[in-house]
4 protein chains.
Amino acid sequence: METALSGRIWRTQQGGQTVYVVHGSVPENVLGGLEVVSSVKTTKSFMLASREYSRENSLVKIGGAEFGGSDVVICAGPCAVESREQMLETARAVKRSGGTVLRGGAFKPRTSPYSFQGLGEEGLRILKEVSDEVGLPVVTEVTSPDQVALISKYADALQVGARNMQNFELLKAVGRSRLPVLLKRGISATIEEWLLAAEYILLGGNWNVILCERGIRTFVTDTRNVLDIAEVALVKDLTHLPVIVDPSHATGRRDIIPAASRAAVAAGADGLIVEVHPKPESALSDGPQSLTFNEFNSMVREVAAVARAVGRRVPNCEQLP
Amino acid sequence: METALSGRIWRTQQGGQTVYVVHGSVPENVLGGLEVVSSVKTTKSFMLASREYSRENSLVKIGGAEFGGSDVVICAGPCAVESREQMLETARAVKRSGGTVLRGGAFKPRTSPYSFQGLGEEGLRILKEVSDEVGLPVVTEVTSPDQVALISKYADALQVGARNMQNFELLKAVGRSRLPVLLKRGISATIEEWLLAAEYILLGGNWNVILCERGIRTFVTDTRNVLDIAEVALVKDLTHLPVIVDPSHATGRRDIIPAASRAAVAAGADGLIVEVHPKPESALSDGPQSLTFNEFNSMVREVAAVARAVGRRVPNCEQLP
Amino acid sequence: METALSGRIWRTQQGGQTVYVVHGSVPENVLGGLEVVSSVKTTKSFMLASREYSRENSLVKIGGAEFGGSDVVICAGPCAVESREQMLETARAVKRSGGTVLRGGAFKPRTSPYSFQGLGEEGLRILKEVSDEVGLPVVTEVTSPDQVALISKYADALQVGARNMQNFELLKAVGRSRLPVLLKRGISATIEEWLLAAEYILLGGNWNVILCERGIRTFVTDTRNVLDIAEVALVKDLTHLPVIVDPSHATGRRDIIPAASRAAVAAGADGLIVEVHPKPESALSDGPQSLTFNEFNSMVREVAAVARAVGRRVPNCEQLP
Amino acid sequence: METALSGRIWRTQQGGQTVYVVHGSVPENVLGGLEVVSSVKTTKSFMLASREYSRENSLVKIGGAEFGGSDVVICAGPCAVESREQMLETARAVKRSGGTVLRGGAFKPRTSPYSFQGLGEEGLRILKEVSDEVGLPVVTEVTSPDQVALISKYADALQVGARNMQNFELLKAVGRSRLPVLLKRGISATIEEWLLAAEYILLGGNWNVILCERGIRTFVTDTRNVLDIAEVALVKDLTHLPVIVDPSHATGRRDIIPAASRAAVAAGADGLIVEVHPKPESALSDGPQSLTFNEFNSMVREVAAVARAVGRRVPNCEQLP
């Protein structure tokens, strides 16, 4: 018997399984009736990313840190890698206070061509050395498809920044990788646009996607951006992917990062990514929103208390004095 | 000796004291030298509302509920007073779950002239009766200067809604009252505009002002508004006045009100004002953002846990089973 | 025969006719069949304001100036009435350059209580005298229901400012008046909210409503607000009411007011309301966005050229040298 | 004599000249005193793009069409290249009505991975053939650094879309090209961010940059975006580069594109880029915002009338019947 299928079809992989994404008016029973098909799901415009696709939370690992489970994972580090000494000092402070992933940018997307653009491969080398020495996995930003291979030699996870959330060629490139991808929300992206950006990566076969809310642009100028806190809860309902929050870019102000961090965890975030610097006042970028080591340490303790209040934990933080 | 004072001067009262607000280039030592002057302070554009004016938190009371201290005060009730039965049932549920202030609108500012406009004085009468019977103080909205006297006969506190945040004649009118005023942030108000609105009330001699963040209008359509959570922490730094959060209007979605409420308290809010209705699906206004009694009860417990994690408490909530 | 009417009904007047607004599921043929009913129309949520209610443009007059026809009407004057001399000098300059309505505020809604609040009734008296002497009708702002009667003694039209667009008690009050009402769009109002605000006035029986776009609040800080120019064309399609543009508040910058004015007329605006001041640098309010007399004169000529290009005219401007 | 120069220095080319961009505190007289230096200019953060750098308008040519002079250039074509027939038919209609540049996308950046992604190189081939046959130069979008070489074989100008305005690797890549670049404003970009994006291209040595305003994202949902019309005039003041407007993306609605186009030219735009399609209702993308040939023809005539009113002309449009 012949059946006219009017939809279009995409094929991707999830673990060892082949997933066919069918877009259009294809009768469900036709597909379900095929012997090779084990199950059929009807979903939203973001098909693979949706809760309808997977009721269970996806767990994504960067090194030993697991996102999407009961842990609240703290990622921290400077905005940009500036020197081996700066990274090493910071990494040790991060680990000491309960952070389990190290961040640091080697390729910096800067608004002005005259601003510090990052150390490039030299920065990656520093990240790798420090990561090995201190024992923290590393996430760093990728800004172009042709950097994916290079960065993969040094880092444990790839970050796609807010300005590149709809750089679709880059999304396709990280979708072909198997490294975890931290996908930041664009500065004025809707949730659907954000989840469709994640969909590009999932469709490429890379299911290790962590979403990161980092504030949106509004009329407000008191803070750098507006932390869209309710959306954290909403996105957790709409997708099975982990969602973390970047309180540093969301607020741009050191004085309210602790409050924003507590709020994020209270709302259900699976983790935080925070800027920390040995000397924020002399940082080559984002100084005003970087915490000192002491401020970071206090913040983690406050966050850990809130995590417990919502039935979760910050790993490696219990043992704090 | 003569000194040229080029500034302008306003006079108001705080408690038993006379406060002169001087705007302009008046040498501080000239004023300080006058025998009748006990102290001189230099402040921001919002002079009376600023932290520079008062380092200590102002404590504002509605009935027995105290805002601005260590308590996290839960205000709750329906959007609009619809009937005595609805109010009574709701007030009892609110009290049972740990709410200590009752809300309910008798004069409803509605976008459309064809929408339910509230019961008016009949609604006030119901509020008063229920308040007395259940033992909860009442806050209700005032939408016009000439309603202040009427509402004051029935209610314990006046609410100025977001749309009226810059209705300056109304601000002056509630400034002449001595009832506590709940001043909502306008849908696209900056913090300075909001604190200057409070300034109108303080300058009138009414120091019982509670600020209420209720979400801002942005490009986001997934939620009714965007809860500007970082601003709660920021405003607490800028003013001595108490700040509470309205998660109902901020999100417009029942499913994420609990998460938004937890986040608000984690960020430092002094209380919440939440919409609760016996049957949200048949509410005359704001049904989709009203909690059922059960949902409200769960929310208060979650909030109480977060309050403890940040060193505060929801009064009357300890005894929950 | 009996028919169940489940809708609610409002009654208002338009000219000599009674208009019933029915909200709900009332069968059209039932109403149309009644002898006293001459016609039945089905409309949008803003029923009386909609194009469905009246295909023809409504013509609204302030003095001799007609809005909504082929004329492009120029209203101009200072932000605030400061003195008789200032008003007289400005009114003469406005008339000389082709302006046909005079503006000037006596009751000023100011963000800060410490800013100049206007001259009040003294300002109204000046407006009236100057209006009579120069021969220009006057529009001035009303900020409270109880000012309507007072202002009506002196002015030819009432302005409801952006901050009061949803001050519903004020809308009802000007709806009971028969003076023309200039209704500014709120700083973050949707078109539907704006037209529903107009609906409050129409429903009160006052059909002399002129809409005024004055810029919206967005993330942009280069200009005071963002002139929503496409909306002018859109609103003209959605309503029969005249629509004018305030390029002064929309941009907040003297240097681009002429460009914004040309754009407004090119897009289909029925007029402009512009701030003009003898000495902008010493204006008591809005100096940076006030044109000098020369700048105003040039602007009107540029606007007149664009008006001709779109098949319209600025009256009294042909005779310019 | 030695002088300490504390700034950093970049070198680029403009025409046959070498330009040094110095960032920091370098005394002007030191540089000016060097024999090889012919002139020194002090500018804004966007140094090469600023009016201070060049008082005179830069003239940029795509084929025979000149942007930045007295002409108002009309660029038009479909959103996406769909077939040779569609392009040929459209190109002829565009030329007939007074358009002088053809647009059409071969690489389409789409929000959803499931949407039509463009014909790729096949689309470029069609563009080139049609361009040659009809005699219109072609602009098409580039979405990745590695596409620049390929597209340069077929097209006369490169378009950088709104989503890629801060894809800095792409900006650097088109900066190394010498083809004209149409740089769209990001959906929530400030003017400074936009001009700094242009700066990346200029600094690469490519001075053929045309800016394109295409609407910003705000709370407004009545139109797809908000056309920031005042900014056109403002940007013309801030930079020497040509500025055009895309009324199709700015409004997203066929019915108001003509009004938006007239407004753009009235405000001072150097051109327009408009979506036109033989059958908008069956377009593979952006149908609702594509004009029919007849609508386009009317629009160009209206625009030409406004252009004359502001002392400019739409070339090839005089001869319209």
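The values are calculated or read from the model by the stated rules, or taken from the named source; none is laboratory data. It should be emphasised that the depicted structure is a prediction, and the values quoted were computed from it without experimental measurement. Note that each Cβ is placed from the backbone with ideal geometry, even for glycine, and that neighbours are counted across all protein chains shown. The area values use the complete protein model at the heavy-atom level, side chains included, leaving out ligands, DNA and RNA. Shrake-Rupley method; radii C 1.70, N 1.55, O 1.52, S 1.80 Å.
Things to note:
- Between C:S282 and D:R96, the simple spin-label model (points 7 angstrom out along Cα→Cβ) gives 6.4 nm.
- Candidate lysines for bridging to A:K41, where Cα separation is under 23 Å - those fewer than 8 sequence places away on the same chain excluded: A:K236
- Candidate aspartates and glutamates - alpha carbon under 15 Å from B:K61, same-chain residues fewer than 8 apart omitted: B:D71, B:D156, B:D270
- Computed with every protein chain present, the accessible area of B:V306 is close to 0 Å² [probe 1.4 Å].
- Antiparallel DSSP beta bridges within the protein assembly as shown, as percent of all bridges there, nearest 5: 30 percent
- Estimated [θ] at 222 nm from DSSP helical runs (n ≥ 4, -39500 (n - 2.57)) normalised by residues in chain D, nearest 500: -10000 deg cm²/dmol
- The mean number of partner chain beta-carbon atoms within 10 angstrom of a residue's beta-carbon across peptide C:161-168 is 6.
- Here the Gaussian network model covers chain D, with springs between Cα atoms less than 10 Å apart; of D:L179, D:L227, D:L150, D:L150 fluctuates the most.
- The modelled label-to-label distance between D:W10 and A:S70, using points 7 Å beyond Cα along the C-beta direction, is 5.2 nm.
- When only the Cβ of Lys, Arg, Asp and Glu is charged (+1, +1, -1, -1), the dipole of chain D relative to its Cα centre reaches about 100 debye.
- Accessible surface ranking that places the most exposed of B:S248, A:S45 first, with a 1.4 angstrom probe: A:S45, B:S248
- Rounded to the nearest 10 Å², the accessible area of B:E192 at probe 1.4 Å: 90 Å²
- Measuring nothing but how far apart in sequence close Cα pairs (under 8 Å, 6+ apart) lie, relative to its length, region A:82-237 scores a relative contact order of 15 percent.
- Neighbouring partner chain Cβ atoms per residue of C:249-260, average, 10 Å criterion: 4
- Spin-label model, A:R313 to C:K41: label points 7 Å out along the Cα-to-beta-carbon direction sit 6.9 nm apart.
- Spatial separation of Cα centroids for region C:244-320 and region D:49-118, in angstrom: 32 Å
- Of the residues C:E52, B:E275, ranked by 1.4 Å probe accessible area with the largest first, the sequence reads C:E52, B:E275.
- Percentage relative contact order, chain A, counting C-alpha pairs under 8 Å, at least six apart: 19 percent
- Pairs beyond 28 Å (Cα-Cα), from B:K108/B:K279; A:K184/D:K153; D:K44/D:K95: A:K184/D:K153; D:K44/D:K95
- For the segment B:181-189, counting C-beta atoms of other chains within 10 Å of every residue's C-beta and taking the mean gives 3.
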